[in-house]
Amino acid sequence: MEPSIYDLLKDQESLLGNNVDPYSYVSPSAYDTAWLAMVPDSNTPTQPMFVECFNWILDNQKEQGFWGDVDKRGLPTIETLPATIACIIALNKWNEGRNKQDKGLSFLEANLEKLLTQHSESFSRWFVIVFPSMVALIGLIENGGVAALGREGRRFVTTPLISIRPIEA
């Protein structure tokens, strides 16, 4: 009989011991950090459970307005698009950092089409799956739909990524 998931977890716990930092299991990305920052505290649902993650968002927006990594030339990577959207959503969820949200939206407005065009031949599968959903989510929080983001003059390219680059098996 195959071991159950609980057996596998117990094996892992015995290998690692009790002094393991649970944050060490989460990849250090702005995108993942933003999702953790959105989780409400079970005792105080009006506050984030992972306050450190939320504070990281408040403290780590790049000067240009995005969250995430840069390439060898110091330019934002394609992964900054979903990371920036996730960080904006996290700030919006807790009704904090309106100026940071606006700066992030301005970054998206100025760079979305350029980054999508530059990387259109090399989207990762992760990006092709995640990015359209993130665009839909930010459209929902801005009450103006995906194309407008609820602000006068702000419109974004919503071309389906699958038509730009087919998913390879």
Exercise. So which residues in region 111-129 are in a helix (DSSP H, G or I) and open to solvent by 30 Å² or more (accessible area, probe 1.4 Å)?
Worked result: 113, 114, 117, 118, 125, 126, 129
Exercise. Would you pick out the residues in region 80-95 that are touching a helix residue (DSSP H, G or I) at 6+ places or on another chain (Cβ under 7 Å) and assigned to a loop (DSSP other than H, G, I, E, B)?
Worked result: 94
Problem set entry | Residue check, residue 65 of a type outside the set (Ser, Thr, Tyr), at positive phi and at pLDDT 90 or above | yes
Exercise. Hey, does region 34-46 have a residue that's modelled with pLDDT of 90 or more and open to solvent by 100 Å² or more (accessible area, probe 1.4 Å)?
Worked result: yes
For this session: State which residue is most open to solvent (accessible area, probe 1.4 Å) when the search covers only region 53-110 and only residues that are farther than 24 Å from residue 40 by Cα and either acidic (Asp, Glu) or touching a residue at least 60 places away in the same chain (Cβ under 8 Å) (or both).
Result: 63
For this session: May I ask you to verify whether residue 108 is aliphatic (A, V, I, L, M), modelled with pLDDT of 80 or more and touching a Leu at 6+ places or on another chain (Cβ under 9 Å)?
Result: yes
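The values are calculated or read from the model by the stated rules, or taken from the named source; none is laboratory data. Nothing here was measured: the structure is a model prediction, and the numbers come from that model. Cβ atoms come from the backbone with ideal geometry, glycine included; neighbour counts cover every protein chain shown. The accessibility values were calculated without ligands, DNA or RNA, using every heavy atom of the protein model including side chains. Shrake-Rupley method; radii C 1.70, N 1.55, O 1.52, S 1.80 Å.
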